[in-house]
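One structure is given here, and the rest of the page talks about it.
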Amino acid sequence: QAPHVTRGTQSAVDTQPAVKLTAAQRVLYRLSSVAAGEPVGQGRYVVLSEKQDSYLKTSVIDGVTGDLWTYQKGAGVPGQLPVDPHGSPTQAQFDAMPTDPAALRAMLISQFDAQQQQAEAAIAALGRKPHVSPSPAPESGDDKVFEQATGMLWNPLVGPPLRSALFRVLATTPGVKVDSQARDNLGRPAVEISRFDSVSKTTFATFEDPTTTAVLEQTYTNPPSTGDGPSGFVGTDLYLSTTRTSTVPPNPYGS
């Protein structure tokens with residue numbers, strides 16, 4: 001049945017201007033839709049295997065307590081770091097975070113500020129003064145949002161609703177660039193999401209699997225050297241596998 005139309009009037013929907021999405025936004029909203037449809041992870045412990053620059057690393061996260069175990073293999077790095085109690089938000093804490101984009105953006109900024117204050121307090125407790133540049137420029141809200149959102153995306157405890165919302169927040173964050181035809185350092189197809197940080201002058205990027213939105217790699221590119229020096233260093237964090245288990249796994253490197 002055709003909808004009833006009153007002559008001489010026009011619905012509010014008809015009078016709203018059309019919203020034109022950029023190509024980058026369309027890709028990010030598509031990732032948001034894919035993330036929303038992914039299954040919820042099962043198993044209390046997340047085991048995340050990665051390669052950071054020249055050494056291997058495995059992180060084990062307790063989804064109930066947030067405790068974090070870190071094992072490493074490589075020249076010049078300790079084989080195991082001390083257990084970090086509550087080193088990650090728990091599954092329940094992630095599930096309680098807002099998924100409305102405006103509320104989530106505000107929370108990410110507040111979270112960045114809280115972490116900054118904690119870091120400064122830790123430095124002060126050691127009797128040191130935090131390093132201050134000659135003309136310090138505060139991070140913009142967009143800088144904070146991108147850092148926090150991409151920092152959260154790597155954590156496998158982030159559930160589908162929150163992961164979906166993070167992509168929607170990134171879609172409305174100025175300065176975000178997207179390459180839907182990228183590949184990570186293993187040659188895997190990826191969506192590269194990057195942004196230039198206005199304070200550190202570093203370009204941060206995260207590479208997402210286009211079919212699952214799982215993080216494949218994260219990189220940072222330092223500013224180019226001045227003068228005749230080489231171009232800026234590129235740091236890489238390559239994610240190799242993610243599994244979940246009901247028991248704490250042993251050191252995968254056997255030491």
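The label-point distance for ASP53 and SER246, in a model that sets each label 7 Å from Cα toward Cβ, rounds to 4.0 nm.
Compute the acute angle (0 to 90°) between the alpha-carbon long axis of helix 101-125 and the principal axis of greatest extent of the alpha-carbon atoms of the chain; round to the nearest 10°. Its long axis makes an angle of about 20 degrees.
Seen against the Cα atoms of the chain and their longest principal axis, helix 160-171 is set at about 80 degrees.
For the options VAL83, VAL46, VAL34, a Gaussian network treatment of the chain with springs between C-alpha atoms closer than 10 Å singles out VAL83 as fluctuating the most.
In segment 163-255, Rg over Rh equals 1.06, where Rg is the alpha-carbon radius of gyration and Rh the Kirkwood radius from pairwise Cα distances. Compared with the alpha-carbon gap, the fully stretched path from ALA75 to ASN185 is longer by 37.5 nm at 0.36 nm per residue. Choose one answer from PHE146, PHE233, PHE204: the residue with the largest mean-square fluctuation in a GNM of the chain with alpha-carbon springs under 10 Å. Comparing PHE146, PHE233, PHE204 in the GNM, the peak value goes to PHE233. Enumerate the lysines that LYS20 could reach by cross-link, defined here as Cα to Cα under 28 Å, with residues fewer than 8 away along the same chain left out. The qualifying lysines are LYS144, LYS177. Using a probe of 1.4 angstrom and keeping all protein chains present, the accessible surface of the chain works out to 58 square angstrom per residue. Look at where the Cα atoms of segment 47-74 and of segment 166-180 average out, and the two centres are 27 Å apart. In the chain, the longest principal axis of the Cα atoms and the axis of helix 23-36 are about 80 degrees apart.
In summary, the lysines within cross-link reach of LYS57, defined as a Cα separation below 21 angstrom excluding same-chain residues under 8 places away, comprise LYS73. When the solvent-accessible area of the chain is split by element, carbon and sulfur atoms take up 56 percent of it, the probe being 1.4 Å.
The values are calculated or read from the model by the stated rules, or taken from the named source; none is laboratory data. Keep in mind it's a predicted model, so treat the numbers as computed, not measured. We place every Cβ from the backbone using ideal geometry, glycine too, and count neighbours over all the protein chains shown. These accessible areas exclude ligands, DNA and RNA; they are computed on the full protein's heavy atoms, side chains included. Shrake-Rupley method; radii C 1.70, N 1.55, O 1.52, S 1.80 Å.
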